[in-house]
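In what follows, a single structure is set out as structure tokens and then discussed.
Every number in this text was worked out from the coordinates using simple rules, so none of it is lab data. Remember, predicted model here, so these are calculated numbers, not experimental data. Note that we place each Cβ from the backbone using ideal geometry, even for glycine, and neighbour counts take in every protein chain shown.
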Amino acid sequence: MKICVLVKQVPGPDSPLLISDDKKWIQEEEIDYAMNESDSYALEEALQIKERLGEGEVVAASLGPDRVQKTIREALAKGADRGIHVKDDYPSTDSYVIAGQFALALKEENFDLILSGLQSDDTGMGQTGLMLGEFLGMSTSTLVMETDISEGKLRVKKELEAGWFQWVSMDLPACITIQSGLNTPRYPSLRGIMGAKKKEIKVMESTPQGELLQSLEKIYVPKKTKLTEMIEGDTDQVVAKLVDVLKRDIKVL
């Protein structure tokens with residue numbers, strides 16, 4: 001079983017998030033980067049699949065500037081066998097473009113299974129994994145809470161609405177996005193950290209994918225507002241106005 005895991009490097013939860021002057025992104029100078037949370041669950045699931053099968057290879061792939069190799073090394077320290085760095089000094093926020101870049105970089109690898117987190121902690125698009133599967137002609141599924149592989153078939157437990165779940169059978173090769181919380185990600189061991197230094201990271205130049213289909217127009221901090229409206233009148237008038245507010249403004253009735 002040859003498995004790839006997409007691991008994205010995102011601003012850490014304790015980093016200062018200051019908006020850049022052009023309002024297009026954040027100031028990255030003081031950012032402390034970390035592995036995207038849901039991608040860590042995808043990595044753990046890939047490692048557990050390999051351990052259950054008793055064989056296979058787990059490859060961690062990331063797109064971005066040179067700094068993303070730190071995140072790839074973290075994945076290698078946790079147990080991934082090798083890494084792929086799709087180098088792009090100014091990565092796009094367009095999921096279609098990102099998926100296309102990954103597709104060109106990973107096509108010749110012929111992976112049996114590609115896993116990614118459900119969405120990223122920075123832009124939260126939640127589309128790259130599914131688009132990548134379509135580009136590579138793979139079966140796709142999202143919101144996966146559990147996996148089972150036997151006799152060359154993949155079964156996944158999908159999270160639905162209102163607390164419902166559904167088991168779905170899929171043909172391999174497949175590309176799935178993992179929901180946070182389905183396992184407990186492991187910490188890198190000292191032995192793993194030392195061993196990661198010797199593992200291969202293949203560097204590939206990204207390929208431009210043409211016109212953007214999505215773009216971020218503006219990033220801003222929501223303004224806090226407070227408005228108090230006094231409802232006056234007799235009891236019937238107050239009740240009528242309250243009902244109207246609940247229906248029109250709050251929309252709970």
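Brief remarks on what is shown
- Summarising the amide proton neighbourhood of THR142: residues at separation of 5 or more, or on other chains, whose placed amide H is nearer than 5 Å comprise THR177.
- DSSP beta bridges confined to the chain are antiparallel in about 35 percent of cases.
- Candidates ILE250, LEU190, PRO65 compared by Cα position along the dipole of the chain: farthest toward the positive end lies LEU190, with charges placed on Cβ.
- Computed from the C-beta positions of ILE19 and GLU200 and an R0 of 30 Å, the FRET efficiency is 0.20 to the nearest 0.05.
- ARG52-ARG82 pseudo-label distance in nm [points 7 Å out on the Cα-to-Cβ vector]: 2.6 nm
- Modelled spin-label separation between ARG248 and LEU160, with each label point placed 7 Å from Cα along the Cα-to-Cβ direction: 3.9 nm.
- Which of LYS251, LYS2, LYS78 has the fewest Cβ neighbours within 10 Å, and the rest in rising order: LYS251, LYS2, LYS78
- This model, with +1 at the C-beta of Lys and Arg and -1 at the C-beta of Asp and Glu, gives the range 126-253 a dipole about its Cα centre of some 840 debye.
- Cβ-Cβ FRET estimate between LYS153 and TYR220, R0 fixed at 45 Å, reported to 0.05: 0.45
- Going from the fewest other Cβ atoms within 10 Å to the most, the residues LYS153, LYS197, LYS226 appear in the order LYS226, LYS197, LYS153.
- Virtual paramagnetic centre 7 Å along Cα→Cβ of ILE193, amide N under 16 Å, in the range 57-82: 70-79
- Distance in nm between pseudo-label sites at LYS241 and LEU227 (7 Å out along the Cβ direction from Cα): 1.5 nm
- Based on C-alpha pairs under 8 angstrom that are at least 6 apart in sequence, the chain has a relative contact order of 23 percent.
- Once exposed loop GluC sites (Glu not before Pro) are cut out (DSSP; at most 14 other Cβ, 10 Å), longest piece of the chain: 56-150
- Of THR71, THR123, the sequence from fewest to most neighbouring Cβ atoms within 10 angstrom is THR123, THR71.
- Per-residue ellipticity at 222 nm from helix content only, as computed over the chain with -39500 (n - 2.57) for each DSSP H run of at least four residues, stands at -7500 deg cm²/dmol.
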